[in-house]
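Data first, discussion second: the structure below is written as structure tokens.
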Amino acid sequence: MYCIINAHGYINETQCISQIFFPNEKFIIVSEPQPEGVTLLSSLSCEKITARIYENGKFVLEEVLPFPQALGENAKTRFLPQTSNDTAAKFLPQYSREAQALSETATPAFSKKAVCNAIQKSVFYACMKYRPAKAPWGLLVGIRPTKIVHEMWESGFTTDEIKRYLTEFYLASDDKANLCVTVAEAEKRILRQNTHNSVSLYIGVPFCVSRCLYCSFSSYILKRYEKYIDAYVAALVKELTAASAYISGKSLQTIYIGGGTPTSLTASQLEVLLGAVNKCFDISSLSEYTVEAGRPDTLNDDKLNVLKANGVSRVCVNPQTLNNETLVKIGRSHSAADFYSAYNSAVKTGLNVNVDIILGLPGETEREVKYTLDELTKLSPDNLTVHTLAVKRASALKEQLENAELTDAACVNEMLSLSDAAAREMNLFPYYMYRQKNMLGNYENVGYCKKGKEGIYNIQIIEEKQTIVAVGAGAATKHYDSGRNLIRRVYNVKTPEEYINRIDEMIERKNKLYEFDSEHS
Ligand code: SF4
């Protein structure tokens with residue numbers, strides 16, 4: 001789609017909203033309505049905020065909000081349903097005087113945030129009228145909506161006020177506002193254990209047996225990279241050793257070995273890596289030690305024994321679906337039977353097991369999702385993470401989009417209800433969540449767990465209230481400065497070859513951060 005921006009700089013913010021309604025379309029800035037396709041105009045003046053839609057160069061509709069009272073009563077009169085069958089109005093929450101008051105309390109009336117919000121609202125309403133779509137999260141396009149809840153609690157807002165803020169300022173549905181608050185409450189129980197001194201450690205192993213259709217991670221095909229793996233593990237050990245001096249002065253809460261699929265390493269390579277972790281850190285007081293074994297066909301008893309013997313407490317064994325036909329379609333190299341076997345062996349070894357599934361996989365309807373959920377209910381895992389398929393930029397799915405049949409929003413909604421019901425049947429409750437760009441139906445990913453089995457690292461990575469030292473190719477260290485509520489990031493190079501060749505530079509980059517931390521803490 002094309003977009004004209006007049007007299008404001010909120011280009012990304014306008015793009016994010018328009019892409020709810022025009023997913024997977026390029027967003028091209030132009031200076032006048034284009035003769036072909038849809039052009040959106042967003043403009044700001046002293047009197048009003050306008051969003052206008054043109055089709056093939058011809059004006060179709062516009063939404064105008066007066067400036068700066070755009071957040072309140074006026075929106076009510078302009079945007080409440082004109083007729084009972086107004087399709088767009090079905091999705092729009094009701095406005096009220098309280099909403100205006102609340103918005104103005106939370107964000108001063110003339111603040112940038114309020115102006116940006118009004119611009120986004122005008123775009124949202126115009127797009128919704130032109131191309132009605134499910135937008136359950138309203139204007140909340142960020143990855144971490146629960147952060148807003150935590151910040152508002154800290155500022156003294158009550159839970160009811162926060163829910164109203166989410167629905168009226170951000171136009172989230174009641175269901176999503178409730179989910180957001182429920183998850184934030186579960187997170188709060190974990191986050192309150194954080195001290196200024198607590199840290200987590202992430203170790204990246206970016207190799208996989210094959211590449212999944214939807215994957216956008218830095219993942220390198222094992223067969224092609226086999227020759228680098230020993231050198232890669234040696235570089236990891238060097239980086240871990242360098243990090244140990246910093247971490248030994250801290251309280252290490254969790255370790256997470258992710259990727260990729262770390263269990264694509266051989267049992268002896270895993271032994272080298274996990275042995276080094278044990279040598280470098282005191283793991284006796286860890287709250288959690290996770291290894292991703294995303295591909296069930298990479299696990300065997302030898303590797304499970306190495307994990308267990310080295311203090312690992314939790315593994316992720318991810319079927320994504322238990323329908324073999326879909327597994328082939330999405331480029332996974334394993335079958336449902338591989339999953340059952342890996343899952344049962346992991347449980348037998350005494351590890352907590354997380355299981356990931358994805359809703360909206362190609363060719364799947366509610367029937368296939370229900371089958372997967374029924375099968376998982378029989379296993380009753382400690383953790384279940386329910387993802388909604390996202391069409392990511394670097395994925396094969398994105399490239400094949402023209403031939404791919406994507407699941408519609410109503411169907412994804414039904415799948416989400418099925419998974420929520422199944423999770424509750426398994427005595428699992430939602431404890432963390434995040435969103436991504438271009439998710440089918442604009443929904444979310446939710447992690448469920450049994451009581452006391454929260455994936456602590458998952459919460460820390462989403463809420464960003466703890467330093468996470470990250471080693472390995474593509475890893476991003478996040479230093480959390482609790483005094484200033486600031487995050488500083490240090491990135492490692494992406495490819496395994498570069499990582500191996502530039503390991504000393506990676507270590508040096510982080511040493512600077514450690515020095516900064518010791519000088520300022
Ligand atoms: S297992 Fe994960 S990291 Fe590996 S290819 Fe699939 S999505 Fe990507």
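Within 14 Å of the ligand (Cβ to nearest atom) and part of a helix (DSSP H, G or I): which single residue out of D297, D302 fits that description?
None of the others qualify; the one that does is D297.
Quick check on region 371-385. Is at least one of its residues open to solvent by less than 40 Å² (accessible area, probe 1.4 Å) and within 24 Å of S218 (Cα to Cα)?
Yes, the conditions are met somewhere in region 371-385.
Which members of region 357-409 meet the condition of being part of a loop (DSSP other than H, G, I, E, B) and closer than 30 Å to G452 by Cα?
Once the filter is applied, which keeps residues that are part of a loop (DSSP other than H, G, I, E, B) and closer than 30 Å to G452 by Cα, region 357-409 yields G360, S380, P381, D382, L389.
Criterion first (modelled with pLDDT of 95 or more, within 30 Å of A421 (Cα to Cα) and surrounded by fewer than 23 Cβ atoms within 10 Å (Cβ to Cβ)) does K450 satisfy it?
yes
Which of the numbered conditions does R314 fail, given that it passes all the others? Conditions: (1) within 16 Å of the ligand (Cβ to nearest atom); (2) of a type in the set (K, R); (3) surrounded by 21 or more Cβ atoms within 10 Å (Cβ to Cβ).
Looking at each condition in turn, R314 falls short on (1).
Can you give me the number of residues within region 478-518 that are touching a strand residue (DSSP E or B) at 6+ places or on another chain (Cβ under 6 Å) and either loosely packed, with under 12 Cβ neighbours inside 10 Å or free of Cβ contacts under 8 Å to residues at least 40 places away in the same chain (or both)?
10
Every residue in region 248-272 that is of a type in the set (A, V, I, L, M, F, W, C) and not in a strand (DSSP E or B), please.
Within region 248-272, L265, A267, L270, V272 qualify.
Which members of region 130-177 meet the condition of being over 19 Å from A118 (Cα atoms), polar (S, T, N, Q) and open to solvent by 20 Å² or more (accessible area, probe 1.4 Å)?
If the condition is that a residue be over 19 Å from A118 (Cα atoms), polar (S, T, N, Q) and open to solvent by 20 Å² or more (accessible area, probe 1.4 Å), then S155, T158, T159 are the ones that fit.
Which residues, counting only those in region 323-336, are in a helix (DSSP H, G or I) and either over 17 Å from P381 (Cβ atoms) or of a type outside the set (A, V, I, L, M) (or both)?
N324, E325, T326, L327, V328, K329
Residue under question is V277, and the condition is that it be away from the ligand (no atom under 16 Å from the Cβ) and either part of a helix (DSSP H, G or I) or at negative phi (or both); does it hold?
Against the criterion (away from the ligand (no atom under 16 Å from the Cβ) and either part of a helix (DSSP H, G or I) or at negative phi (or both)), V277 qualifies.
Exactly one of these conditions fails for R224: (1) in contact (Cβ under 8 Å) with a residue 12 or more places away in the chain; (2) surrounded by fewer than 24 Cβ atoms within 10 Å (Cβ to Cβ). Give me its number.
(1)
Residue by residue through region 207-235, note down the ones that are of a type outside the set (A, V, I, L, M, F, W, C) and either assigned to a helix (DSSP H, G or I) or more than 9 Å from the ligand (Cβ to nearest atom) (or both).
Listed by number, the residues that qualify are Y220, K223, R224, Y225, E226, K227, Y228, D230, Y232.
Given (1) open to solvent by less than 10 Å² (accessible area, probe 1.4 Å); (2) over 25 Å from the mean Cα position of the chain (by Cα); (3) within 16 Å of the ligand (Cβ to nearest atom), where does V291 come up short, assuming only one miss?
(2)
Quick check, is C180 closer than 22 Å to G441 by Cα, within 14 Å of the ligand (Cβ to nearest atom) and not in a strand (DSSP E or B)?
no
Mind counting the residues in region 259-276 that are open to solvent by less than 60 Å² (accessible area, probe 1.4 Å) and over 22 Å from N383 (Cβ atoms)?
Number of matching residues: 6.
Is there a residue in region 236-255 that is surrounded by 17 or more Cβ atoms within 10 Å (Cβ to Cβ) and within 16 Å of the ligand (Cβ to nearest atom)?
no
The values are calculated or read from the model by the stated rules, or taken from the named source; none is laboratory data. These figures come from a predicted structure and were not determined experimentally. Neighbour counts run over all protein chains shown; Cβ positions are idealised from the backbone, glycine included. Accessible surface areas use protein heavy atoms only, side chains included; no ligands, DNA or RNA. Shrake-Rupley method; radii C 1.70, N 1.55, O 1.52, S 1.80 Å.
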